[in-house]
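The structure appears right after this line, and notes come after that.
What follows draws every value from the coordinates through simple rules; no lab data is involved. Not measured: the values here are computed from a predicted model.
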Amino acid sequence: MGQPAIEVDRLSRTFGTGSTRVDALAEVSFRVEEGTVVALLGPNGAGKTTITKILATLLLPSEGTARLFGHDVVHDTGGCRRLASVVFGGESGLYPQLSARDNLRFFGMLAGVGRREMRERVPALLAQVGLDAVADRRVESYSKGMKQRLHIAIGFLPRPRILLLDEPTVGLDPVEADRLRSAIGAARDDGVTVLLTSHYLLDVERLADRVLLLQHGAITEDLSLAEFARRAGYAAAVTVKGAGTAPQLPNPLPDGFALADEHRGNPDGWVVTLRIMDWDHRVFAHLATLFDDVDVEDVQVREVRLEEAFAQLTGDGG
Ligand SMILES: Nc1ncnc2c1ncn2[C@@H]1O[C@H](COP(=O)(O)OP(=O)(O)OP(=O)(O)O)[C@@H](O)[C@H]1O
Ligand SMILES: [Mg+2]
């Protein structure tokens, strides 16, 4: 394998001293290979934004190193800024008195985007994020989501090789959030490396190849997306609805099944939800036997929600 796009080695960051000291990051190490999308997940306050800011050369580490394609974020900020763009969720960091077009031009200039490219890409990006009609209005008059769209356009403008996205879909309407996910997917297909933080696990489900779980400033899991989903503890849930007499389920249930929920004796019928621990060739045979003598009206199969895996891994519920 070539040089990693992102290489973080025993990175620590503290804020404050004495009784107010916070260890935001404690010896965090990980690598991200070029062309992959890695989701950095963790509860509020885990240190995700701190890592993102250090990689974006906006914050200094207390100890340890971080490199983007070999460029050190402390000693070669210029090299790092040419490689990476950062998008934070939120309304700050723009020039409110300037229009969206002028904000884009300004940040593009700082990122070293040439004039000709700017003439081409600024209107294209404004159209892509749906701001072309309002591009010459002052940003102070924008809604939260419009500002977020502008942040995204600024992030994509210099054609970065690395995208650092910290809650990029915050404030976006569902259509725009989907459009952004497609744009991130297209960038990844072009070989762009993405480090993505999001509390919307749909972003992670759609985009991430790998999940890093950060808790209290330390990486506690490094999993493929499929492995992460499996940490929910089961593979799928089947909800069966019917009329008439409710099924008599055996106790214990067949291996690999668990009862999640049931409603019986309801005049409208009965509902039973079973968890399936693992898909295997016997699952359907067992289901057929369990519901053989009853009047089934509807069957729904639902995959594991990533929220359930997150809750299991962070010890928050489950
Ligand atoms: N400038 C600062 N001064 C003091 N403490 C800070 C500062 N910035 C971050 N922290 C602390 O560092 C820890 C990590 O914060 P960080 O913003 O990285 O968390 P996060 O994982 O991004 O959380 P969230 O999901 O809420 O965005 C928190 O305890 C936070 O209070
Ligand atoms: Mg954060």
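Worth pointing out:
- Mean residue ellipticity, 222 nm, helices only, the chain: the sum of -39500 (n - 2.57) across DSSP H runs of n ≥ 4, divided by residue count and rounded to 500, is -9000 deg cm²/dmol.
- For GLY64, the residues whose modelled amide H falls within less than 5 Å of its own, excluding neighbours fewer than 5 places apart on the same chain, are SER12.
- Between helix 144-156 and the chain: long-axis angle, C-alpha atoms, 0 to 90°, nearest 10: 70
- Cut-off under 5 Å, modelled amide H: who pairs with ILE6 long-range: VAL32, PHE69
- Here LYS147 is the anchor, and the lysines within straight C-alpha reach of less than 20 Å, apart from those fewer than 8 places off in the same chain, are LYS53.
- A cut-off of 5 Å between modelled amide H atoms, ignoring neighbours fewer than 5 places along the same chain, links PHE88 with ASP166.
- Divided by 2.2 N^0.38 Å, where N counts the residues, the Cα radius of gyration of the chain comes to 1.23.
- Fluctuation leader among VAL283, VAL122, VAL139 - the chain, Gaussian network, Cα springs under 10 angstrom: VAL283
- In order along region 173-188, the Karplus-derived 3J(HN,Hα) couplings, from 6.51 cos²θ - 1.76 cosθ + 1.60 at θ = phi - 60°, round to 6, x, 5, 5, 4, 5, 5, 5, 4, 5, 5, 5, x, 5, 4, 4 Hz, and Gly and Pro are given as x.
- For region 3-17, putting each phi into the Karplus relation 6.51 cos²θ - 1.76 cosθ + 1.60 with θ = phi - 60° gives couplings of 5, x, 5, 10, 9, 10, 10, 6, 7, 10, 8, 10, 10, x, 9 Hz, in residue order, rounded to whole numbers and with x for Gly and Pro.
- Viscosity 0.692 mPa s, 37 °C: Kirkwood-radius Stokes-Einstein D of region 236-313 over Cα pairs, µm²/s: 247
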